[in-house]
Each structure stands twice: as C-alpha cells, then as structure tokens.
1. Test Leu140 against the stated conditions and say whether it is under 18 Å from Tyr17 (Cβ atoms) and either hydrophobic (A, V, I, L, M, F, W, C) or touching an Asp or Glu at 6+ places or on another chain (Cβ under 8 Å) (or both).
2. From the list Ala7, Ala33, Ala29, Ala22, which residue is of a type in the set (A, V, I, L, M) and modelled with pLDDT under 90?
3. Given the conditions (1) closer than 21 Å to Leu23 by Cβ; (2) part of a helix (DSSP H, G or I); (3) in contact with a helix residue (DSSP H, G or I) (Cβ under 8 Å, 6 or more places away or on another chain); (4) not aliphatic (A, V, I, L, M), which single one is not true for Phe71?
4. For Arg50, indicate whether it is free of Cβ contacts under 8 Å to residues at least 12 places away in the same chain, of a type in the set (D, E, K, R) and more than 17 Å from Phe133 (Cβ to Cβ).
5. Go through (1) under 22 Å from Arg93 (Cα atoms); (2) in a helix (DSSP H, G or I); (3) in contact (Cβ under 8 Å) with a residue 40 or more places away in the chain one by one and return the number of the condition Leu56 breaks.
6. Could you list all residues from the stretch 123-138 that are surrounded by fewer than 21 Cβ atoms within 10 Å (Cβ to Cβ) and touching a residue at least 12 places away in the same chain (Cβ under 8 Å)?
7. Looking at the structure I just gave you, is Thr111 β-branched (Val, Ile, Thr) and more than 24 Å from Leu53 (Cβ to Cβ)?
8. Specify the residue that is nearest to Lys40 (Cα to Cα); the eligible residues are those in the stretch 100-119 that are surrounded by 15 or more Cβ atoms within 10 Å (Cβ to Cβ) and more than 17 Å from the chain's Cα centre (by Cα).
Amino acid sequence: MEETGLAYTWVHSLHSYLAYIALAVLILAVANAITGLIGKRIFNMGKDLRLSLFALILCHIQLLVGLLLYFVSPSGLSAIQEFGMGGLTSAARLLAVEHPFINILAIVSITIGWSRHKKFVEGDKKFKSIATFYGIGLVLILSRIPWGQWFN
C-alpha cells in the first residue's frame, strides 16, 4: 500500500509541474500562430514548426501522465468505484470525470490542428489551423483545471 501512495505522490507531482510547462508552451504556440496569421508571416519550418510540435508533444506527455494518475489517484477511477457517479460531489466529479474527459477532447483538438497544418502549403492556412485547433484545446484545458487545488 505504501508503494501505491508513493507512486500516487510522484505521478501527482509530475502531472502538476508538467502542467505549468505544457500550458506555457501551448499558450506560446497559440499566440505565435495568431501573430503569424495576423502578421501574414511565412510559416517558418524551424521556429513555428518546432514550437507547435513541442506544444503537441508536451500536451500528449501530460495526457499520458494524467491517465496514469487517473488510475493511481484516490480522486480518479477509485472515487467513481467507491461512490458511484451519483455519489460524487461537484469537486470530486471535476477530478474524476470532467477534467479527464474534457482534457482528452482538448488533446484530440490539438492533434487535429497539427495534422491539418501538415496538409497545407500556405503559411496562413498553417497558422489558422494551429491557432484554431490549439486555441480550442487551450480553452478546453483552461475550463477544467482544478484551480482551487492547483494553487494550494
């Protein structure tokens, strides 16, 4: 049982700290895509591509760590098994259901944006794809962050 507690603590800490990095890089990627679109810049296969790819990779790693956390956390699947869906408080439902589900949708959106941008040659279409789908992903992620726990 002590190993489970240690695993939970380690994965929870990793998920929390990685969230700051992933969120910061995602915000930078969205801002870069918006400024590239507005400024009618040429899509730079170095800086623009790498920033978008780095955001994609970090968000996917964060998702994998979050899924691992979901299974070792007492606030994840264990809470649903113990209390049932009807027995969860709103705070518990946020952690056990809403946060994982919405963030999976966010990562799907970001992945779609990455996949779509590769099909375009024109820089404005690349920037638009990344700005739109990464932006949707960012809004979804921000909507389901457990803010009260994040800053404690």
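The values are calculated or read from the model by the stated rules, or taken from the named source; none is laboratory data. Just so you know, these numbers come straight off a predicted model, no measurement behind them. Glycine also receives a Cβ, built like all others from the backbone with ideal geometry; neighbour counts cover every protein chain displayed.
1. Criteria not met by Leu140.
2. On the way: Ala33 fails: modelled with pLDDT under 90; Ala29 fails: modelled with pLDDT under 90; Ala22 fails: modelled with pLDDT under 90.
Selected residue: Ala7, the only one of Ala7, Ala33, Ala29, Ala22 that is of a type in the set (A, V, I, L, M) and modelled with pLDDT under 90.
3. Checking Phe71 against (1) closer than 21 Å to Leu23 by Cβ; (2) part of a helix (DSSP H, G or I); (3) in contact with a helix residue (DSSP H, G or I) (Cβ under 8 Å, 6 or more places away or on another chain); (4) not aliphatic (A, V, I, L, M), the one that fails is (1).
4. So Arg50 fits the description; yes.
5. Against the list (1) under 22 Å from Arg93 (Cα atoms); (2) in a helix (DSSP H, G or I); (3) in contact (Cβ under 8 Å) with a residue 40 or more places away in the chain, Leu56 comes up short only on (1).
6. Gly123, Asp124, Lys128, Thr132, Gly135, Ile136, listed by residue number.
7. So Thr111 does not fit the description; no.
8. If we take residues in the stretch 100-119 being surrounded by 15 or more Cβ atoms within 10 Å (Cβ to Cβ) and more than 17 Å from the chain's Cα centre (by Cα), then His117 is nearest to Lys40 (Cα to Cα).
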